1. From the Cα gyration tensor of region 91-153, with a ≥ b ≥ c the square roots of its eigenvalues, which class applies: rounded if a/c is under 1.5, or else prolate if a/b is larger than b/c, or else oblate?
2. ³J(HN,Hα) across region 90-105 via Karplus (A = 6.51, B = -1.76, C = 1.60, θ = phi - 60°), whole Hz, x for Gly/Pro?
3. Hey, got the dipole for the chain? About the Cα centre, +1 on K and R Cβ, -1 on D and E Cβ, debye to the nearest 20?
4. Grab the DSSP H runs of the chain that are 4 residues or longer, score each as -39,500 (n - 2.57), total them, divide by all residues and round the 222 nm result to the nearest 500 deg cm²/dmol.
5. Given the peptides 150-156, 181-187, arrange them by the average over their residues of other C-beta atoms within 10 Å, most packed first.
6. Only four residue types carry charge here, +1 at the Cβ of Lys and Arg and -1 at the Cβ of Asp and Glu. Report the dipole size of region 70-155 about the Cα centre in Debye, rounded to the nearest 20.
7. List, in order, the whole-Hz ³J(HN,Hα) value for each residue of region 68-76 obtained from phi through the Karplus relation with A = 6.51, B = -1.76, C = 1.60 and θ = phi - 60°; use x for Gly and Pro.
8. What shape does the chain take by its C-alpha gyration tensor, where a ≥ b ≥ c are the square roots of the eigenvalues and a/c under 1.5 counts as rounded, a/b above b/c as prolate, and the rest as oblate?
Amino acid sequence: MSKMKVSLFVLCALLTLGLTAAESSMQSPMTFFITSAGSGQGADLGGLAGADKHCQSLATAVGAGKHTWRAYLSTTASGGTPAVNARDRIGKGPWYNVQGRLIARNVAELHEGVNNINRMTALTEKGTVVHGRADAPNQHDMLTGSMPNGRVSSAAGDTTCGNWTKSGNGSAIVGHHDRWGLRDDDSSRSWNSSHGSKGCSQQSLVSTGGAGLFYCFAAK
């Protein structure tokens, strides 16, 4: 091989390495986001599997598909299938938003500590701010089906819109991503457990102050 061919080969190899490094540095630091859109069918997300798929699809569209994404949703025990707690399916952390801002270091900080979820940090996968109570329309209700500790509710009645398969009657526990409600109390300020929705249809979720949106976390 001539010296010229060797030089060209080395140059091409260096350029390839440079491009690979550049692409790597441009990958999103995001490991947490709010869905920019819901299912369009209210709280019927196709169960946990459908919700996870939605998270994965949205993340992939913005270059963050290398992670395994999980919807922050709990489900109740049904037909021999055990209950699922949202906190147990999202990995160990830490989690960052699309801007690289820390949301929480671990599961304990997310639920028992002081996390960094608020209107200006709980962004969509596209980096957009989700409307809060001070905006029109208000979309601060996030579907969770969870108690403040991230576990499924033991209360009677529907708290998960039929484990995320209903788009009519029913109810689901929601949290406020902007930490602002009708009262100055813990539930109104809760990011994951503020109140139940009026129903499971898209119209019902909108009338409650939401849009069928939910949190997505990178489990790994």
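1. oblate
2. Result, ordered by residue: 10, x, 9, x, x, 10, 10, 7, 5, 8, x, 7, 5, 9, 6, 7 Hz.
3. 680 debye
4. The helix-only estimate for the chain comes to -8000 deg cm²/dmol at 222 nm.
5. 150-156, 181-187
6. Here the size comes out at about 160 debye.
7. 9, 9, 10, 6, 7, 9, 9, 9, 8
8. Cα axes put the chain in the prolate bin.
Here, each number is a calculation from the coordinates, and none is a lab measurement. Every value quoted in this text rests on a predicted model; they were computed, and no experiment measured them. Note: ideal-geometry Cβ built from the backbone for every residue, glycine included; neighbour counts use all protein chains shown.
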